[in-house]
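The values are calculated or read from the model by the stated rules, or taken from the named source; none is laboratory data. No experiment lies behind these values; they were computed from the predicted model shown. Here the Cβ positions follow ideal geometry from the backbone for every residue, glycine too, while neighbour counts run over all protein chains shown. Each accessible area value is taken on the protein alone, full model and side chains, heavy atoms only, with ligands, DNA and RNA left out. Shrake-Rupley method; radii C 1.70, N 1.55, O 1.52, S 1.80 Å.
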Amino acid sequence: MELLPRSPAEFGSARYWDRFFRQRGQRPFEWYGAFPELCPVLHKYVRPRDKVLVVGCGNSELSEQMYDVGMCQDIVNIDVSDAAVRQMRERSASTRPRMSYLLMDMLHMDFPDAHFQVVLDKGTLDALLTDEEEATLAKVEQMFAEISRVLQVGGRYLCVSLAQAHVLKKAVEYFSQEGWVVRVHQVASSGDKQQFVLPVFVYVMTKFRKVPGSAAQILEICPEEQDRPVRVESAERLLAAVKDRQHYALLCSQISKTPCREQVSLDLCDRESGKPRYTLHVVDSPSMKPSRDNHFAIFIIPQGRETEWLFGTEEGRRQLAASAGFGRLLTVALHREQLYEGMAAIQAELSGKVMELAPPGLPARQQVPFLSVGGDIGVRAVRHRGSSALSGDFVVEDVKGDGSCYFRRLIFLQNRNVVQSEARLLAPTPLPGQKKRRKDKKKPSPAEPPGAIDKSYLCCEHHKAMVAGLCLLGGPDALPGELAVLVVGLGGGSLPLFVHDYFSQARVAVVEIDPSMLEVATRWFGFCQGERMQVHISDGLDYVAKLAAEAPAQYDAIMFDVDSKDLTVGMSCPPPAFVEKPFLQKVKTILKPEGVFVLNLVCRDARLKESVLAALRAVFPLLYTRRIQGEVNEILLCQAGPAGRR
């Protein structure tokens, strides 16, 4: 404890460092970054014939190790501590004749201009920039100015750092404004237990002549798992990329020591595009006693099935982990924008990264199994990509479900984990007289799902509950001869299509605000208009208000299945304006006295949900609730009074 400074400012004091090295004795002191870890990065930027200056050398072994392995031998080391300089001279005098140690302040160096090809700093900037006080920043700028002065054009300033935000920001801003190329390397960890949990970085600032009037900046980051740097467009993005890697290192450190009380989620991004490639969830089962073979497993979720309850909810993943029988299960979801060659390729790509998320107590050299449903990665075929001014970007995709079933889905990419609409695809049927395919003929690719829509099947559980709500109108014999139904919200059209086809006398009016959805439903989900099915492109609020004023009491059933575009509200279906009391009064006005109002409610905000239910009860005395198991959806069935036809 006596080696620690009384205040951070003492890190810049020669007296403190003299006392530090005298008390520590001959033992080398390394802040962070052992030579084997730094060596791959240093080899890229230090050439054998370079003249190298090490600022704030202390009694680190870094210069000696660089010299001994032949990386470079023309090395000048400087420090403000006389004790450190004397120690290092004694250690290297007889064995390293070309290396020198000088007592010198890096803020006021005696070297001529453009004297060195490389300036190396291991922790010195971190020690100097302990705060952002004016006096401290002035010293840092003087340090940078001196380094710039003694470096040749094309020379490199290599700074080994923990990359605290204010330290990295200052270095990036100063040198990028001077026209230098700034690249940040993350140093690969050796995997040994280290003094610092945070990862080590090397800033590589390459000196170029400043071009007057040029504001161009070249900023790059080179993560530990790749050699090729990635260009970033701003200093803010560079700082954010480093911060992400620091948070990841802290997370790995934390979950490697203790089980996770809550599920941890993180994205692994594609190196080229920067877009998410894998979404991981760490699920621990604390009650399970791990044996040698059930500590840890990886579960690859088949493409297109990540939204299913078992894989897309906390409770589902918890159940999956329990049934798999492992103390820690890491689920991996695959993203639709990415290409995957197969299970073996995914395993090879993830094997190193997932081990960083291994649980405490995992035996050395333990084989970690990769699991999946059916042993493959599933099928996802994007059929259409589009964009709407109202709904944003969206995709229509075919995915393989359980067994041999295929489904077509509509996904709004602003809420990509929610299936907006879904329909089952029919298996192809041979034409009459068509011969069976000979065994020696090439079989159809499993990646080519069938194309016809099964209009008789409702995929969504909440749609089934909404249709079941029509039973409140009475049994089949008691239903009116001509059933008038209003559906607000088209989506893929599955709900109005089913009502239209199942109730042969039903006349269905659909209100949809987004004309793009009508095109999608018609082209991709088998929707079609006719004498008994009409779509009105209009805002549902305006359409209902107009009907209430002009043609009251005309619908036997009104169904609301409309999503909210405002993701900041705790209710994603319907938009709040659709459940305000004045509007609900208008809904009641266009509903026949014995009719039923069916509402799909998706609300995570308990107080908001209670206010919605209160507004509904104030308008519709009879209110029935049907919860959908494993989903947030609740179907609310509302009536003004008891139905006479039961």
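Could you check the spin-label model distance between I537 and Y457? Points 7 Å from the Cα along Cα→Cβ, value in nm.
The two pseudo-label positions are separated by 3.2 nm.
Considering only protein heavy atoms and a probe of 1.4 Å, how much of the accessible area of the chain is carbon and sulfur, as a whole percent? Please report the intermediate quantities before stating the final value.
On the way: 16400 of 31920 Å².
The nonpolar share, carbon plus sulfur, comes to 51 percent.
Provide, as a two-decimal number, the C-alpha radius of gyration of the range 89-232 over 2.2 N^0.38 Å, N being how many residues it has. Please list the in-between numbers first.
Values: Rg = 16.4 Å, N = 144, 2.2 N^0.38 = 14.5 Å.
Ratio of Rg to 2.2 N^0.38 Å for the range 89-232: 1.13.
Among the trypsin sites (Lys or Arg not before Pro) in the range 241-279, which ones are in a DSSP loop with at most 14 other Cβ atoms within 10 Å of the Cβ? Mind listing them?
Numbers: sites: K243, R245, K257, R261, R271, R277; in loops: K257, R261, R271.
Sites meeting the loop and neighbour criteria: K257, R261, R271.
What number, in percent, do you get for the relative contact order of the chain if the mean sequence gap of Cα pairs under 8 Å and at least 6 apart is divided by its residue count?
Working: 1189 pairs, mean separation 41.5, N = 646.
Relative CO of the chain lands at 6 percent.
Pick out, in residue order, every one of the GluC sites (Glu not before Pro) in the range 465-542 that is DSSP loop and has at most 14 other C-beta atoms within 10 Å; say none if there are none. Write out the running numbers ahead of the final one.
Values: sites: E482, E512, E519, E531; in loops: E482, E531.
Filter output for the range 465-542: E482, E531.
Between A577 and L310, with labels modelled 7 Å along Cα→Cβ, what's the label distance in nm to one decimal, could you check?
Distance between the two pseudo-spin positions: 4.2 nm.
Each residue of the range 293-309 in turn: what ³J(HN,Hα) in whole Hz from Karplus with 6.51, -1.76, 1.60 and θ = phi - 60°, glycine and Pro shown as x?
9, 10, 6, 8, 8, 10, 10, 8, 6, x, 3, x, 9, 5, 8, 5, 4
Let me have the relative contact order for the range 499-646, percent, based on Cα pairs under 8 Å that are six or more residues apart.
Values: 233 pairs, mean separation 27.7, N = 148.
Worked out over the range 499-646, it gives 19 percent.
For the range 492-561, what class follows from the C-alpha gyration tensor (a ≥ b ≥ c being the square roots of its eigenvalues): rounded when a/c is under 1.5, otherwise prolate if a/b is larger than b/c, else oblate? Write down the numbers at each step before the final one.
Details: a/c = 2.29, a/b = 1.27, b/c = 1.80.
Cα axes put the range 492-561 in the oblate bin.
Multiply the residue separation of A348 and K289 by 0.36 nm, subtract the distance between their alpha-carbon atoms, and state the gained length in nm to one decimal.
Length gained between A348 and K289: 18.4 nm.
What does the C-alpha gyration tensor say about the overall shape of the range 46-118? Classify as rounded when a/c is under 1.5, otherwise prolate if a/b is larger than b/c, or oblate.
Working: a/c = 1.94, a/b = 1.04, b/c = 1.86.
It comes out oblate by the Cα gyration axes.
With axes computed from alpha carbons, what is the tilt in degrees of helix 343-354 against the longest principal axis of the chain, rounded to the nearest 10 within 0 to 90?
With rounding to tens, the tilt is 50 degrees.
Specify the angular offset, from 0 to 90 degrees and rounded to the nearest 10, of the alpha carbon long axis of helix 235-255 from the longest principal axis of the alpha carbons in the chain.
Approximately 80 degrees, to the nearest 10.
Just in the range 87-185: which trypsin sites (Lys or Arg not before Pro) are loop by DSSP and have at most 11 other Cβ atoms within 10 Å? Don't jump to the answer; show the numbers that get you there.
Values: sites: R89, R91, R98, K122, K139, R149, R156, K169, K170, R183; in loops: R98.
Loop-located and lightly packed - R98.
Can you work out the FRET efficiency for the pair T568 and R209, with r the C-beta to C-beta distance and R0 = 30 Å, to the nearest 0.05?
The computed FRET efficiency comes out at 0.05.
Obtain the nm distance between the two label points defined at A165 and V69 by a simple spin-label model: each point lies 7 Å from its Cα along the Cα-to-C-beta direction.
Modelled inter-label distance: 3.4 nm.
Expressed as a whole number of Å, what is the distance separating the alpha-carbon centroids of the range 364-428 and the range 618-632?
First find each Cα centre; the distance between them is then 29 Å.
Could you work out [θ]222 nm for the chain from helices alone, using -39500 (n - 2.57) per DSSP H run of at least four and dividing by all its residues? Round to the nearest 500 deg cm²/dmol.
On the way: 17 runs with 185 residues, N = 646.
Taking each H run of at least 4 residues, the total per residue is -8500 deg cm²/dmol.
Would you kindly state how much longer the chain becomes between D82 and A553 on full extension, computed as 0.36 nm times their sequence separation minus their alpha carbon distance, in nm to one decimal? Show your work: numbers first, answer last.
Numbers: separation 471, 0.36 × 471 = 169.56 nm, distance 9.57 nm.
Contour length minus the Cα-Cα distance gives 160.0 nm.
Counting only C-alpha contacts under 8 Å and six or more residues apart, can you give the relative contact order of the range 589-646 as a whole percent?
Details: 78 pairs, mean separation 26.3, N = 58.
Dividing the mean separation by the residue count of the range 589-646 yields 45 percent.
In whole Å, how far is the Cα centre of the range 514-582 from that of the range 223-276?
Answer, in whole Å: 42.
For the range 371-379, what does the Karplus curve 6.51 cos²θ - 1.76 cosθ + 1.60, with θ = phi - 60°, yield as ³J(HN,Hα) per residue in whole Hz, taken in order and with x for Gly and Pro?
Per residue, the Karplus-derived 3J(HN,Hα) values read 10, 6, 8, x, x, 10, 9, x, 10 Hz.
Along the principal axes of its C-alpha atoms, what lengths does the range 343-431 span, in descending order and rounded to whole Å?
So the extents along the principal axes, rounded to whole Å, are 54, 42, 19.
Once amide H atoms are built 1.01 Å from N in the peptide plane, which residues 5 or more positions from Q303, or in another chain, come under 5 Å H to H?
Hits under the 5 Å cutoff: G378, V379.
Using only alpha carbon positions, build the gyration tensor of the chain, then give the equivalent ellipsoid semi-axes as the square roots of 5 times its eigenvalues, largest first, whole angstrom. Could you put the intermediate results ahead of the total?
Values: eigenvalues 863, 153, 112 Å².
In descending order, the three semi-axes are 66, 28, 24 Å.
Treating the angle as unsigned and between 0 and 90°, give the value, to the nearest 10°, between the Cα long axis of helix 14-24 and the longest Cα principal axis of the chain.
90 degrees
Calculate one ³J(HN,Hα) per residue across the range 620-635 by plugging θ = phi - 60° into the Karplus curve 6.51 cos²θ - 1.76 cosθ + 1.60, and present them in order as whole Hz with x for glycine and proline.
10, x, 9, 9, 10, 10, 10, 7, 9, 4, x, 10, 7, 4, 10, 9
For A484, what residues show an amide H to amide H distance below 5 Å, using hydrogens built from the backbone and excluding near sequence neighbours?
Distant-sequence amide H within range of A484: R507, D556, A557.
Within the range 258-297, which residues have the backbone N less than 18 Å from the label spot 7 Å out from R318 along Cα→beta-carbon, could you tell me?
Inside the label zone: 259-265, 281-289.
Out of every Cα-Cα pair in the range 385-426, what percent are more than 13 Å apart?
54 percent
Can you compute the FRET efficiency between A114 and E236 using 1/(1 + (r/R0)^6), with r the Cβ-Cβ distance and R0 = 41 Å? Round to the nearest 0.05.
Working: r = 32 Å, r/R0 = 0.79.
After rounding to 0.05, the efficiency reads 0.80.
Quick check: from the Cα gyration tensor, does the range 460-639 come out rounded (a/c under 1.5), prolate or oblate?
Working: a/c = 1.35, a/b = 1.15, b/c = 1.17.
Cα axes put the range 460-639 in the rounded bin.
Would you mind calculating the gained length between C405 and V382 on full extension (0.36 nm times residue separation, minus the Cα-Cα distance), in nm to one decimal?
Details: separation 23, 0.36 × 23 = 8.28 nm, distance 1.66 nm.
So the extension gain works out to 6.6 nm.
For the range 227-349, what number results from the quotient of the Cα radius of gyration and 2.2 N^0.38 Å? The partial results should precede the final answer.
Working: Rg = 16.1 Å, N = 123, 2.2 N^0.38 = 13.7 Å.
In units of the 2.2 N^0.38 Å rule of thumb, it is 1.18.
State in Å² the accessible area per residue of the chain; use a 1.4 Å probe, count heavy atoms of protein chains only, and round to the nearest integer. Could the numbers behind the result be given before it?
Working: 31920 Å² over 646 residues.
Dividing the accessible area of the chain by its residue count gives 49 Å².
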